[in-house]
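Readers should treat all values here as calculations from the given coordinates under stated rules, not as data from a laboratory. Since the structure is predicted, the reported quantities are computational estimates derived from the model, not experimental observations. All Cβ positions, glycine included, derive from the backbone under ideal geometry; neighbour counts span all protein chains shown.
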Amino acid sequence: MSKEQNKELFYTKHQDDVLQALGVTKEGLTNSEAKKRLDEYGLNELAEGEKRSLLAKFLDQFKDLMIIILIAAAVVSVIASHGEEWADSLIIMAVVVLNAAFGVYQEGKAEEAINALKSMSSPLARVRRDGHVIEVDSKKLVPGDIVMLEAGDVVPADMRLLESNSLKIEEAALTGESVPVDKFHEAIIADDAGIGDRVNMAYQNSNVTYGRGLGVVTNTGMFTEVGHIATMLQNADETDTPLKQNLHQLSKVLTYLVLGIAVVTFIVGVFVQGVAPLKSLMTAVALAVAAIPEGLPAIVTVVLSLGTQVLAKRNAIIRKLPAVETLGATEIIASDKTGTLTMNQMTVEKIYTNGELLPSSADLAADNNTLRVMNFANDTKIDPSGKLIGDPTETALVQFGLDHHFDVRDVLEAEPRVAELPFDSTRKLMSTIHKQADGTFFVAVKGAPDQLLKRVRHLEINGQVREITAEDKEAILAINKSMAKQALRVLMMAYKYVDTVPTLETSIVENDLIFAGLVGMIDPERPEAAEAVRVAKEAGIRPIMITGDHQDTAEAIAKRLGIIDPNDKEDHVFTGAELNELTDEEFQKVFKQYSVYARVSPEHKVRIVKAWQNDGKVVAMTGDGVNDAPSLKTADIGIGMGITGTEVSKGASDMVLADDNFATIIVAVEEGRKVFSNIQKTIQYLLSANMAEVFTIFFATLFGWDVLAPVHLLWINLVTDTLPAIALGVEPAEPGVMTHKPRGRKSSFFSGGVMSSILYQGVLQTILVLGVYGFALAFPEHSTYKEIHADALTMAYATLGSIQLFHAFNVKSVYQSVLTVGAFKNKLFNWSIVIAAILLAATLVVPGFKNYFHVTTLSLTQWLVVLIGGFLMIVIVELVKAFQRKLGLDKNAI
């Protein structure tokens, strides 16, 4: 195992102390020392977790007790019937094996995140060794290596900067913020600083966007920040989804029910009725198989799959099927700010020019010097397709110009750039010099207000230039402060005219300037995000913002979106530094009062998610960076970004937003609630039907009646159960689905009145079937004993099938009338009933089928009795629902 690496906080130390601690000089390591350290520390790559074999993963899928009972029942059924009743057993085994294969497939998907993380590393690095610059495979970097960086490089390892020349590094993968960070090698940073504030460090897999730098490698491989994230990914506990928990609970209930029925039936058969043990055992097994809705896992999968298709059309790509249903239980949505709640595009929002603070929509003259300077002192490139390429801040300024009919390309043809002073992170200014038609030169200077105002001597208002006063400067600083409080990034524009191109020194070019104006920019909220937040709150879901951005920016956006009440004076923003000071127990006591978390690290995100989960809440988490991957995996549903997201974050996600839009999450939540409701309807339909089959056979056995043959149960389960059950899975959402509170983690498929409905509706079906059977025996249309019982058996079979088809209309809503929810709205459902009815009728009227199903030809009177028995299922349930609504039971249902 490789040697443990440095845990020192190198960003808190002077670079000389860092070099001493790492045992190296700026000339770099010797080749022999590098080889020695490589042997000690190992390769600079991410380790793979322990991989299980495909067979082990497959066998794990069979640990559920209900699955074991199903397999045992199928095997016993085949053996005891000497292979005659093989169809039911084959269906059971096929469903079990398919579900196991699907489980293995999903587990394989979860491993993609680590693989994607590994693929991000840089292949080569420029290193000083033995005093010479060489290129080495980045896997062979070791702590102490001196690495050179320049624009376009991927940082190959974690390093403390030793030199920085206008160095900017984009660290979105680690911090979630797309604006590049200015790096300063001289800085000494406090030990509680987050990754985004460590301006003297460069981290593996971040991108150099501007300038040059030199750094000493402090950590490699699994000891880097990315390696730390990989470790968190490998160790993250994937929370069971509410669907998985509900199915497990359902499995337990059915298991106990099956065992109970089987034992009671066996005992009654052997000790009460004197039936042979083997025959009684077969009856018990038949009842057990009838009691288990073996098609339920497949039907749930179909319902979830249909839900994924609906969501795909609405820009939500589901990677793991249970996520569809988990969305419906979501109580907390922890969302990243940049790109999800905001546009991820810096935009000019306000402009201060000619002594007025104007909105970005205000008209500006083409010769407005604020407009001219922001476009001149700018390195943005415009490709042939019109796409702006460059720093997000500078592209925002050029876009503002284009929006105001100022095309910098045309203007530069008349006033070409002849010289420049590039941006420097020390002076925080950029200047360009342009030749005018009259032979003079226009100097455009853009930069930080606090630095540029010191160099201003004059002020322009409406074309008039005068000397700037102390009062003028105070007014400008007040406007600057006002915009900064609104989380706007403020830049100042200044200019001057000169007769000749000056010496390119800041003291000459950037002095004696004329103040033109201020520009306030922000990454604005998405136009639909505020409405989505409002809908989420109405649905009982609490939106939480978790961002790597600064506290003031996060708070301002949160207020604009309604995540924080703009009039609320309490502090609802918590920073990563403050979180570091609290233990998990201390944080658990206060976390509910905060809706915004700023300047957070990957560990903080996981802690926040777990705090809500420990409180029993179902948490959805959005993210797009490598830093988000551990919390995406920990959350009940991880939501990755399809446009800006890294492959790592997508690999750790359950769902990916094709449009990176928070509003799409709310659409998905609505679909998730509908899917859960429809699965409930499917379960209510299947279990009440299976209960009727079990009770019918059980009580008929007690009465000594021969009501249903195994082939009847098999056909009903295949036809009248399956087709309507699948169709119920695509029922339209019931009205008001997004005005209910989330059902949360504690609810189950049996909540909201479903369990009581299953019980009374199963009993009701049993009574109606046995009632028709008894009627057939009491009022026979034939004289022989055999014919009477054959007709009664046929009528019972036909009644059970028709009852289940009529009953499918009942379960469209637990409490609402079928007339209210729309009996025929769902075309797929309508066709499923028609097809199932035809398939059922075929066994009763087609001669070949009649012989196989042991049924007789019924008279019109007998058919009338069958249909009345079936239709009574709707009439009686409608009466019960009306009574329940009168008692107000529907008000408590979710």
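For THR347 and PHE849, FRET efficiency with R0 = 51 Å and r from the beta-carbon atoms, rounded to 0.05?
Values: r = 70 Å, r/R0 = 1.37.
Approximately 0.15, to the nearest 0.05.
Take every Cα-Cα pair in segment 551-622 and report what % of them are more than 20 Å apart.
30 percent
Between THR503 and THR30, what length in nm is gained on full extension when 0.36 nm per residue of separation is reduced by their alpha carbon distance?
On the way: separation 473, 0.36 × 473 = 170.28 nm, distance 4.36 nm.
The THR503-THR30 span can extend by a further 165.9 nm.
Rounded, prolate or oblate: which fits segment 142-206 when a ≥ b ≥ c are the square roots of the eigenvalues of the alpha-carbon gyration tensor, with rounded for a/c under 1.5 and prolate only if a/b beats b/c? Numbers along the way, then the final one.
Details: a/c = 1.33, a/b = 1.09, b/c = 1.22.
Here segment 142-206 falls in the rounded category.
List the residues whose amide H sits under 5 Å from the amide H of ASN219, counting only those 5 or more places along or on another chain, with H placed 1.01 Å from N in the peptide plane.
Residues meeting the criterion, in which the H sits 1.01 Å from N, are ASP158.
At 1.002 mPa s and 20 °C, plugging the Kirkwood radius over alpha-carbon pairs of segment 846-894 into Stokes-Einstein gives what diffusion coefficient in µm²/s? Working shown, then result.
On the way: Rh = 14.0 Å.
In µm²/s, the coefficient rounds to 153.
Which of the residue pairs LYS7/LYS650; LYS617/LYS746; LYS140/LYS633; LYS674/LYS825 have a Cα-Cα distance greater than 21 Å in the structure shown?
On the way: LYS7/LYS650 30 Å; LYS617/LYS746 9 Å; LYS140/LYS633 30 Å; LYS674/LYS825 15 Å.
With Cα atoms farther than 21 Å apart: LYS7/LYS650; LYS140/LYS633.
On a 0 to 90 degree scale, rounded to 10, what angle separates helix 242-267 from the longest Cα axis of the chain?
Compared with the principal axis, the helix lies near 20 degrees.
Can you compute the FRET efficiency between LYS481 and ARG427 using 1/(1 + (r/R0)^6), with r the Cβ-Cβ distance and R0 = 30 Å? Round to the nearest 0.05.
Numbers: r = 22 Å, r/R0 = 0.72.
Computed FRET efficiency for LYS481 and ARG427 comes out at 0.85.
Beyond 38 Å, how much of the Cα-Cα pair distribution for the chain remains, as a whole percent? Mind showing how you got there, number by number?
Details: 225500 of 399171 pairs.
Percentage above 38 Å: 56.
Where does each of HIS550, HIS434 land when they are ranked from fewest to most other beta-carbon atoms within 10 angstrom? Don't jump to the answer; show the numbers that get you there.
Details: HIS550 17, HIS434 22.
The most exposed by this proxy come first: HIS550, HIS434.
Using DSSP to call loops (not H, G, I, E or B), can you name the chymotrypsin sites (Phe, Trp or Tyr not before Pro) in segment 811-894 whose Cβ has at most 14 other Cβ atoms within 10 angstrom?
Numbers: sites: TYR815, PHE824, PHE829, TRP831, PHE849, TYR852, PHE853, TRP863, PHE871, PHE883; in loops: TYR815, PHE824.
When the chymotrypsin sites (Phe, Trp or Tyr not before Pro) of segment 811-894 are filtered for loop state and at most 14 Cβ neighbours within 10 Å, PHE824 remain.
Taking 0.36 nm per intervening residue step and subtracting the Cα-Cα distance, what contour gain separates TRP863 from GLU781 on full extension? Don't jump to the answer; show the numbers that get you there.
Values: separation 82, 0.36 × 82 = 29.52 nm, distance 1.24 nm.
So the chain would gain 28.3 nm between TRP863 and GLU781.
Would you list MET641, MET521, MET148 from fewest to most Cβ contacts within 10 Å?
Details: MET641 27, MET521 22, MET148 15.
Going from least to most buried by this count: MET148, MET521, MET641.
Quote the relative contact order of segment 300-432 in percent (integer), defining contacts as alpha-carbon pairs under 8 Å separated by 6+ residues. Show your work: numbers first, answer last.
Values: 102 pairs, mean separation 19.3, N = 133.
15 percent.
Going by C-beta contacts inside 10 Å, put ILE299, ILE835 in order with the fewest on the left.
Values: ILE299 23, ILE835 14.
Fewest to most other Cβ atoms nearby, the residues stand as ILE835, ILE299.
In a shell of Cβ-Cβ distance under 13 Å around THR861, excluding THR861 itself, what net charge do Lys and Arg (+1) and Asp and Glu (-1) give? Don't skip to the answer; put the middle values down first.
On the way: positive: none; negative: GLU781, ASP791.
Value of the local net charge: -2.
May I ask you to work out the translational diffusion coefficient for segment 347-522 at 37 °C, viscosity 0.692 mPa s, via Stokes-Einstein with Rh from the Kirkwood sum over Cα pairs, reported in whole µm²/s?
On the way: Rh = 16.2 Å.
Answer from the Stokes-Einstein relation: 203 µm²/s.
In whole Å, what is the distance between the alpha-carbon centres of segment 548-563 and segment 451-525?
Between the Cα centres of segment 548-563 and segment 451-525 lies a distance of 27 Å.
Rounded to the nearest 5, what % of the DSSP beta bridges within segment 444-548 are antiparallel ones?
Taking every DSSP beta bridge within segment 444-548, about 85 percent pair in antiparallel fashion.
How would you classify segment 380-460 from its alpha-carbon gyration tensor, with a ≥ b ≥ c the square roots of the eigenvalues: rounded for a/c under 1.5, else prolate if a/b is greater than b/c, otherwise oblate? Numbers along the way, then the final one.
Numbers: a/c = 1.82, a/b = 1.23, b/c = 1.48.
Oblate is the answer for segment 380-460, as a/c is 1.5 or above yet b/c matches or exceeds a/b.
I want the antiparallel fraction of DSSP beta bridges within the chain, as a percent rounded to 5.
Values: 75 of 98 bridges.
Roughly 75 percent of the DSSP beta bridges within the chain come out antiparallel.
For the chain, find the longest principal axis of its Cα atoms and tell me its angle to the long axis of helix 470-485, 0 to 90°, nearest 10.
On a 0 to 90 degree scale, this one is about 20.
Give me the distance in nm between label points sitting 7 Å out from Cα along the Cα-to-Cβ direction at HIS14 and ARG417, one decimal.
3.9 nm
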